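First the structure, in the form of structure tokens, and then the observations on it.
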Amino acid sequence: MANLKEVRGRIKSVMSTQQITKAMKMVAAAKLRRAQDRMVQMRPYARRLNSLLQNVSAGVDPELVGNYGKERVVDSVLLVVITSDRGLCGPFNGNIFKAVSQNIQDNYASVQKRGKLTILPIGKKAYDFYRKRDYRVDSKFYELLNKLDFEIVKETAEYVMSSFDEGEFDRVEIVYNEFKNVAQQIIRVEQYLPIPLVVDEENPLKSGTDYILEPSKELLVREIIPKSLKIQLYKTLLESNAAEQGARMTAMDQATDNADELLKDLRLTYNRTRQAAITKEILEIVGGAEALQAS
Amino acid sequence: MYLEIITPERIHFEGEVDEATFPGSAGSFQVLNNHAPLISTLGKGELRFVKKKHKKSHENVMIVDGGVVEVLNNRIIVLAESIER
């Protein structure tokens with residue numbers, strides 16, 4: 001039988017842990033709402049930009065789109081790995097690392113062997129993970145999640161775009177968690193650069209309106225494409241951010257439930273032990289009294 | 001005409017306006033009612049507009065740093081990367 005005092009101590013410690021997980025869950029829920037709001041706020045811009053791009057790029061020679069659309073022989077690869085800054089969010093980060101290793105194994109094993117695979121971690125967890133291992137790490141932007149706004153995302157996107165443009169990398173992919181709902185995250189590996197060309201076969205770019213284009217069609221397309229790339233990265237980061245809060249909320253909810261379960265067991269043990277101790281004491285007294293009477 | 005000014009972070013302004021002046025990358029230009037369809041890039045500069053039923057002296061000014069503007073059917077959409085008041 002367990003020691004009464006010991007059990008009491010454990011109950012206390014489980015209770016305080018539960019309090020913490022409960023609070024963390026609540027904080028994650030509040031942050032999740034904010035993250036979702038930001039995603040909603042960003043949507044009108046993304047939608048308008050897309051339709052604008054379609055209006056303008058109608059009939060533009062893909063050659064004129066510039067470097068960003070051109071496939072090259074893949075000699076070097078940049079993987080942008082988006083995780084969280086903090087832990088305690090279930091399998092959120094672990095899944096990402098798994099997906100990255102899988103992706104490297106399947107597609108870029110030879111690139112990695114030649115040491116031409118670079119990882120751009122975003123989030124402290126990814127930075128810590130890859131720094132300790134045998135990867136080439138570009139640690140320029142890993143602290144970006146500290147203060148996630150469009151300004152810094154823009155900088156990051158510009159950095160990635162210019163290093164692609166200069167030929168430092170022939171392909172850029174992003175690995176991140178997509179926010180499906182609060183409890184579900186989907187791991188995505190998306191090609192960022194060169195822009196995967198989506199040819200819409202059903203409506204081959206009908207541009208109904210005759211716009212006055214200033215300065216010129218080609219320049220406009222060249223202006224808009226980097227913008228849409230920045231937006232894409234921003235959207236990805238907001239998704240990942242919302243997914244992180246969702247994952248943390250679910251994990252902490254589970255932890256709270258587990259603590260409840262644990263407490264139930266402990267209380268049972270505690271009461272049983274107490275009962276046993278009392279019974280034992282009574283037995284001792286009765287036994288003693290009987291022994292006295294007998295003599 | 002209806003004007004919308006949008007950045008990735010939020011919608012900065014939407015509403016009816018009488019006139020709007022943009023810092024186009026090829027020079028500043030003004031848009032009035034029934035302007036022809038237009039798409040132009042913006043440079044860094046001042047975006048001015050006068051809300052409907054306001055006097056010209058009640059002009060609103062925002063500082064835009066790059067972006068695109070689309071004018072179509074009396075609807076102006078400004079997509080800017082950042083805006084300061």
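Some observations on this one:
- Which listed residue is within 13 Å of chain A (Cβ to nearest Cβ), within 11 Å of the chain's Cα centre (by Cα) and not aromatic (Phe, Trp, Tyr), from B:Val61, B:Val50, B:Val71: B:Val71
- Filtered residue count, region A:125-160, keeping only those that are touching a residue at least 24 places away in the same chain (Cβ under 8 Å) and within 14 Å of chain B (Cβ to nearest Cβ): 7
- Filtered residue count, region B:37-85, keeping only those that are among the basic types (Lys, Arg) and within 12 Å of B:Phe22 (Cα to Cα): 2
- Taken over region A:106-124, the residue count meeting the criterion of being touching a helix residue (DSSP H, G or I) at 6+ places or on another chain (Cβ under 6 Å) and touching a residue at least 24 places away in the same chain (Cβ under 8 Å) is 5.
- Contact annotation: residue pairs with Cβ atoms under 7 Å, 6 or more positions apart or on different chains, pairing a residue in region A:232-247 that is part of a helix (DSSP H, G or I) with a partner that is of a type in the set (Ser, Thr, Tyr) and surrounded by 24 or more Cβ atoms within 10 Å (Cβ to Cβ), are A:Thr236/A:Tyr176; A:Glu239/A:Tyr176; A:Ser240/A:Tyr176; A:Glu244/A:Ser84.
- Residue in region A:44-57 that is more than 14 Å from chain B (Cβ to nearest Cβ) and either under 24 Å from A:Tyr234 (Cα atoms) or not in a strand (DSSP E or B) (or both) present: no
- Matching residues, region B:71-85, being in contact with a Pro (Cβ under 8 Å, 6 or more places away or on another chain) and without any contact (Cβ under 8 Å) to a residue 60 or more places away in the chain: B:Val71, B:Leu72, B:Asn73
- Of all residues making up region A:88-105, the number that are in contact (Cβ under 8 Å) with a residue 60 or more places away in the chain, over 13 Å from A:Lys125 (Cβ atoms) and among the aliphatic types (A, V, I, L, M): 1
- Test result for B:Leu32, under 24 Å from A:Ile225 (Cβ atoms) and either within 11 Å of chain A (Cβ to nearest Cβ) or surrounded by fewer than 17 Cβ atoms within 10 Å (Cβ to Cβ) (or both): no
- So A:Leu32, is it within 13 Å of chain B (Cβ to nearest Cβ), in contact with a helix residue (DSSP H, G or I) (Cβ under 9 Å, 6 or more places away or on another chain), of a type in the set (A, V, I, L, M) and surrounded by 19 or more Cβ atoms within 10 Å (Cβ to Cβ): no
- If you go through region B:74-85 and keep only what is assigned to a loop (DSSP other than H, G, I, E, B) and either among the polar types (S, T, N, Q) or facing chain A (nearest Cβ under 9 Å) (or both), you end up with B:Asn74, B:Glu81, B:Ser82.
- Residue check for B:Val50: hydrophobic (A, V, I, L, M, F, W, C), within 23 Å of A:Pro44 (Cβ to Cβ) and assigned to a strand (DSSP E or B): no
- Answer from A:Lys235, A:Lys230, A:Lys217 - the residue that is facing chain B (nearest Cβ under 10 Å), modelled with pLDDT of 85 or more and farther than 19 Å from A:Arg34 by Cα: A:Lys230
- Residue satisfying all of: in region A:249-274; under 17 Å from A:Asn93 (Cβ atoms) and out of contact with any Ser or Thr (no Cβ under 8 Å at 6 or more places or on another chain); farthest from the other protein chains (Cβ to nearest Cβ) among these: A:Gln254
The values are calculated or read from the model by the stated rules, or taken from the named source; none is laboratory data. From a predicted model like this one, the values you see are computed outputs, not experimental measurements. Every residue, glycine as well, gets a Cβ built from its backbone with ideal geometry; the counts of neighbours run over all protein chains shown.
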